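Worksheet for the structure shown next.
Any read-out appearing in this document is the output of simple, stated calculations on the displayed coordinates, not a laboratory observation. Quick caveat, the model's predicted, so the values are computed rather than measured. Glycine gets a Cβ as well: all are built from the backbone with ideal geometry, and neighbour counts include every protein chain shown.
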Amino acid sequence: MEERVKCKSLHSKITSAKEAAGMIKSGMTLGTSGFTPTGYPKAVPEALVKMVEKEEDFKINLYTGASVGQSLDGIFAEAGIISKRMPYQTNNSMRKALNSCDVHYADIHLSHFSQQIRYGFYGKIDVALVEAAQITEEGYIVPTTSIGASPVFCSEAEHIIVEINTKKPLELCGIHDIYQPEDPPNRQPIPLVNPVDRIGKPYIEVDPSKIKAIVITDLEDDPIGFAPVDENSRQIAKNLIGFFEKEVEVGRLPEKLLPLQSGVGSVANAVLKGISDSRFKDLIFYSEVIQDNVLDLLDEGTFKFASGTSLTLSPEGFQRFYQNFDEYRSKVLLRPMEISNNPEVIRRIGSIAMNTAIEADIFGNVNSTHIMGSKMMNGIGGSGDFTRASYLSIFTTPSIAKNGDISSIVPMVSHVDHTEHDVNIIVTEQGLADLRGLSPVQRAEAIIENCAHPDYQKPLEEYLNKAKEGSCHTPHTLGDSLSWHEKFVQTKKMR
Ligand code: 0RQ
């Protein structure tokens, strides 16, 4: 244990998960590590659920970096102990709880979240509960496989509980680059100019006297599943790669492109696979989540560097990562999400943002979060941070969903996350619409012609033509604009 908890004065804080869980009281706000199901605490949450299962009124607020696994989000939602959840989730039980309004869920841009915690917008953080690989001699915390919002939780929380996870190898020490910006009016430029720059420390600097409990655990993160790449996703990737090639030809993108950000899901996986099969080499990946396919791209030389806030690898991916750590150490860096997703940095480095839409409308507004306008899927995550600040913003989506009963290109989105002003390119398996510099009517024509499924092209044209009779700048017939969704809700078919 000496090598995991190097600060001798903290040895007296080593205790059981049950003891540590007892420090979390009803009404408190808990800020935990974790970003995607990796690097989140598991032992204390399990003990807490056991401890309070008979207490009817026990409720806490749960704030995290982003999504976390079943053994945190899932068990808390199933135990009914969450009052408020922020800023992002992907768990089935949590999704059910927030869609039935049992949990108040605030869906927040990830880049906003950390700074707004510091600004005090969301109240006090009572306890920071973070998974760590090590506590240094000074009492500082070395995170494990994700950073997310842990630095801000540790700096703002009254008390800190650390879960030292012995399954996470000590080799992880050194892979983190932790930097926290100042707050206005004294904020300075973030000194990250090149995505490969290190600007911070390899640990989270904390006041060691705030560490009230240290729990030693070897619980594994929930295994990560990867969506299979289907034919539609492959075609979307092909359309996008063709577009990149043309942009290089006309000189709007350099030969090595610009730092790529990629969202999560099957289309995002296919796009990375498509890049791997393309002529592009020596690229930089500046994103949030580093998945197995990023390791493939690093190994083959398509990527020369990857920066993110979490290592979201399969068990085999982690094995490969740890076995070849000497190779990856100089090519992979984890940062707090306040930096990985920071619009100042994204604008400076000129990121190419590639995210997935649930639906897009003919004018280019994108819905990434709500099914039929009201049911929360996951959340906006980092897609808004990258989309608005990027050099080039791209949204991908299959043109239809649910076997064609839904068109993903609609007259008006049922919820808007990314406005027409922020969206440059929309890609489906049908083709690609380049919306740069187009007026609303031109955008509508480009999207219907290039992106809509043939089964829905004519109805979309009819909608546009009818709306144009009112001769507006952005033609809509308001009564009809959401009728496709209305029809789906009633008949389970848009057609
Ligand atoms: O429903 O689960 O019932 O089958 O929506 O769709 O095709 O599995 O999509 O896994 O690629 O995720 C936008 C949700 C896409 C994701 C979203 C139904 C469809 C299915 C999911 P079922 P797929 P993917 C980095 C960036 C926001 C956050 C973000 C996401 C379900 O990419 O959460 O970008 N993005 N973060 O059947 C009704 C439509 C539909 C539809 C699909 N038009 N109408 N339902 N579905 N299209 C990550 C972080 O920030 C951490």
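Worth a mention:
- Fraction in percent of alpha-carbon pairs per bin - 10 Å, segment 214-365: 10, 36, 38, 13, 3, 0
- Cα gyration tensor, segment 224-295 - rounded (a/c under 1.5), prolate or oblate: oblate
- Helix content alone sets the calculated 222 nm mean residue ellipticity of the chain: runs of n ≥ 4 DSSP H residues at -39500 (n - 2.57) each, divided across all residues, give -8500 deg cm²/dmol.
- Share of pairwise Cα separations in segment 367-417, more than 15 Å, in percent: 55
- Alpha-carbon geometry of segment 8-217: the Rg and the Dmax are 16.5, 53 Å, given in that order.
- Within segment 8-217, antiparallel bridges make up roughly 15 percent of the DSSP beta bridges whose residues both belong there.
- Across segment 231-491, the mean sequence separation of Cα contacts (distance under 8 Å, 6 or more residues apart), normalised by length, yields a relative contact order of 16 percent.
- Pair-distance distribution of segment 389-495: all C-alpha pairs, bin width 10 Å, starting at 0; shares per bin in whole percent are 14, 48, 33, 5, 0.
- The largest-to-smallest principal axis extents of the Cα set in the chain are 75, 53, 46 Å.
- Separation between Cα centres of segment 196-231 and segment 66-93, rounded to whole Å: 17
- Positive-end ranking of Phe58, Leu48, Ser12 along the dipole of segment 1-58, with charges on Cβ about the Cα centre, is headed by Ser12.
- Taking a Cβ cut-off of under 12 Å around Thr36, the surrounding Lys, Arg, Asp and Glu residues balance to a net charge of -4, with basic ones at +1 and acidic ones at -1.
- With the cut-off at under 14 Å, measuring from each backbone N in segment 392-432 to a point 7 Å along the Cα-to-Cβ line of Cys472 picks out 411-413.
- Paramagnetic reach from Asn194 (point 7 Å along Cα→Cβ, amide N under 20 Å) across segment 254-271: 254-261
- Using a Förster distance of 41 Å, the FRET efficiency for Lys492-Glu445 (Cβ separation, nearest 0.05): 0.85
- Under-5 Å amide H pairs with Thr396, H placed in peptide plane, nonlocal only: Asn355, Thr356, Ala357, Val427
- Between segment 254-305 and segment 420-495, the alpha-carbon centres lie 31 Å apart.
- Relative contact order, percent, the chain [alpha-carbon distance under 8 Å, six or more residues apart]: 14
- Taking other Cβ atoms within 10 Å as a rough exposure proxy, Asp126, Asp73 sort from fewest to most as Asp126, Asp73.
- Dipole magnitude for segment 143-225: about 180 debye, using +1 per Lys or Arg Cβ and -1 per Asp or Glu Cβ, origin at the Cα centre.
- The gain in end-to-end length when the Leu170 to Ser9 segment is fully stretched comes to 55.9 nm, 0.36 nm per residue minus the alpha carbon separation.
- Burial order of peptide ranges 446-459, 299-312 (average beta-carbon count within 10 Å, highest first): 299-312, 446-459
- Charge context of Lys256, other residues only, Cβ under 12 angstrom, K/R +1, D/E -1: +1
- DSSP bridge pairs, the chain: antiparallel proportion in percent, nearest 5: 25
- Residue-by-residue Karplus 3J(HN,Hα) for segment 427-437, coefficients 6.51, -1.76, 1.60, Hz, glycine and proline x: 10, 10, 5, 6, x, 10, 10, 9, 8, 4, x
- For Ser408, nonlocal amide neighbours, meaning residues 5 or more places apart or on other chains whose placed amide H falls under 5 Å from its own, are Ile400, Ala401.
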